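Q: Got a structure here, written out as structure tokens. Questions coming.
Every read-out reported here was derived from the displayed coordinates using simple, explicitly stated rules and does not represent laboratory data. Quantities reported herein were computed from a predicted structural model and do not represent experimental measurements. Cβ: placed from backbone, ideal geometry, glycine included. Neighbour counts: every protein chain shown.
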Amino acid sequence: MAKITVIGAGNVGATTAQRLAEKELGEVVLLDIVEDMPQGKALDLAESGPVYGYDTHVTGTNSYEATADSDIVVITSGIARKPGMSRDDLLKTNANIVKSVTEQVAKASPKAILIVVSNPLDAMTYVAYKASGFPAERVIGMAGVLDSARFRTFIAQELKVSVEDVQATVLGGHGDTMVPVLGCTTVAGIPITQLVAKDRLDAMVQRTRDGGAEIVKLLKTGSAYYAPSASAVEMVECILKDKRRILPCAVLAQGQYGVPGLFVGLPAVLGRKGLERIIEIELSSGEKAALDKSVAAVKELCETVDKLLAS
Ligand SMILES: NC(=O)c1ccc[n+]([C@@H]2O[C@H](COP(=O)([O-])OP(=O)(O)OC[C@H]3O[C@@H](n4cnc5c(N)ncnc54)[C@H](O)[C@@H]3O)[C@@H](O)[C@H]2O)c1
């Protein structure tokens, strides 16, 4: 039986644990620094089992001992920006959280595959990679699955068709510079450009880029967690079942797409090893330029993280 640990029992972490439990993908351990809270959520989840019909063993904890020998660890710990806090302050705080969490995770579960969710995503995946000392195929960031899911939702709503028939791939960094690839966007195999007029498509691309902010604005407090947790769980399932699906994930590019040694969203084959390989697709010149711009933004963020962690 697989063992899956979720670090951070906030909105994303707790909902991830719930989805994992409901899918019976393995034993689930939920860890947070807040005393008693993960224990309470784990007990509540276990008590849903008889009603919902699952037997998943769920443990809540504040200690890494209970996470020992996990197969997969999903990292969602972090804080949201508070009033008066600069972007760099947030970056430093979350980088320190992800660094310390990852060091403890790596010690307890040296063979685990890490799925990073904490923001800013690409930079936090880089921090986890450095702090764990794990090979690159075992450190993967979740963003592209979520961004693509948002794009797919908007397309399905526009065309009034099932989301199941809509395929889309969003590459690049998780932020304003993400790159929805129209050449990979199809509805039941039909290229999207044959179905949606350019101005409507442009509007959906922009809405996808602003997808996180749209939810924040509506929720007033906190950010999205249903779709983010669904996306993280899709990656967990794909890895544990060795499905080898091609999912857009933040992975370490080593020359692919002309990106040297940087974590950025690219189409990745996920299987039991974690990242099995990166797929290189032909991009239009506009998409390539947008990806280059996104890569430059991620590079700058990672350089800032290095400086902040050294100071
Ligand atoms: N990658 C994505 O697409 C994506 C999508 C949604 C949210 N996120 C990010 O995921 C993170 C979590 O979001 P959320 O809505 O669950 O936030 P949240 O505030 O609800 O939960 C965060 C949890 O982390 C815990 N935590 C803080 N420091 C910790 C530590 N050192 N060890 C263990 N736990 C610790 C907190 O106690 C809290 O319970 C944020 O950084 C958010 O920006 C990313």
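Q: Give, in nm to one decimal, the length gained when the segment between GLN254 and GLU103 is fully stretched (0.36 nm per residue of separation minus the Cα-Cα distance).
A: Here the answer is 52.0 nm.
Q: Cross-link candidates for LYS130: which aspartates and glutamates have Cα within less than 15 Å, leaving aside residues fewer than 8 places away along the same chain?
A: Partners found: GLU103, ASP122, GLU303, ASP306.
Q: What percent antiparallel are the DSSP beta bridges of the chain, to the nearest 5?
A: Roughly 50 percent of the beta bridges in the chain run antiparallel, per DSSP.
Q: Now a separate question. Angle between the Cα long axis of helix 144-159 and the longest principal axis of the chain, 0 to 90 degrees, nearest 10?
A: Computed tilt is about 50 degrees.
Q: Which residue, chosen from MET37, ALA128, VAL295, occupies the Cα position most advanced towards the positive end of the dipole of the chain, where the dipole is computed from +1 (Lys, Arg) and -1 (Asp, Glu) charges on Cβ about the Cα centre?
A: Final value for the positive-end residue is VAL295.
Q: What is the distance in Å between the Cα centroid of the range 145-218 and that of the range 26-49?
A: 34
Q: Which entries of LYS23/LYS198; LYS41/LYS82; LYS3/LYS307 show an alpha-carbon separation above 31 angstrom in the structure shown?
A: LYS23/LYS198; LYS3/LYS307
Q: I'd like the orientation of helix 11-23 relative to the chain: the angle between its Cα long axis and the longest Cα principal axis, in ° from 0 to 90, rounded to 10.
A: The angle comes out near 80 degrees.
Q: For LYS111 and GLU300, what is the calculated FRET efficiency with R₀ set at 30 Å and r taken between the beta-carbons, to the nearest 0.05?
A: With R0 = 30 Å, the Cβ-Cβ based efficiency is 0.35.
Q: Now for a separate question. Can you give me the angle between helix 226-240 and the longest principal axis of the chain, using Cα atoms only, in degrees from 0 to 90, rounded to the nearest 10?
A: For 226-240 against the chain, the angle is about 80 degrees.
Q: Taking the chain as a Gaussian network, where each spring joins two C-alpha atoms under 10 Å apart, which residue of VAL166, VAL196, VAL269 fluctuates the most?
A: In this elastic network of the chain, the residue with the biggest mean-square fluctuation among VAL166, VAL196, VAL269 is VAL196.
Q: Okay, next question. Which FRET efficiency value, to the nearest 0.05, is calculated for GLU65 and LYS243 with the Förster distance at 35 angstrom and r the Cβ-Cβ distance? Can you show the working numbers first?
A: Numbers: r = 31 Å, r/R0 = 0.89.
About 0.65, to the nearest 0.05.
Q: Run the simple label-point estimate for ARG207 and LYS288 please: 7 Å along Cα→C-beta, distance reported in nm.
A: Each label point is offset 7 Å from its Cα along the Cβ direction, giving 3.1 nm.
Q: May I pose another question? Given 5 Å bins starting at zero, what is the percent of C-alpha pairs of the range 1-85 in each, up to the one with the largest pair distance?
A: 3, 17, 28, 25, 15, 7, 3, 2, 1, 0
Q: Using θ = phi - 60° and the Karplus relation 6.51 cos²θ - 1.76 cosθ + 1.60, list the HN-Hα couplings for the range 37-43 in order, rounded to whole Hz, with x at every Gly or Pro.
A: 4, x, 5, x, 5, 5, 5
Q: ³J(HN,Hα) across the range 167-177 via Karplus (A = 6.51, B = -1.76, C = 1.60, θ = phi - 60°), whole Hz, x for Gly/Pro?
A: 10, 8, 10, 10, 10, x, x, 8, x, 4, 9
Q: Give the range of the longest stretch in the chain that excludes all trypsin sites (Lys or Arg not before Pro) found in loop regions by DSSP and having at most 16 other beta-carbon atoms within 10 Å.
A: 1-80
Q: Let me ask another. Can you check what the net charge comes to around GLY212, using other residues whose Cβ is under 13 Å from the Cβ of GLY212 (Lys, Arg +1; Asp, Glu -1)? Don't skip to the end; give the middle numbers.
A: On the way: positive: ARG81, ARG150, ARG207, ARG209, LYS217; negative: ASP147, ASP176, ASP210, GLU214.
Around GLY212, the charge tally is +1.
Q: Note down the magnitude of the dipole of the chain about its Cα centre, charges +1 on Lys and Arg C-beta and -1 on Asp and Glu C-beta and zero elsewhere, to the nearest 20 debye.
A: 460
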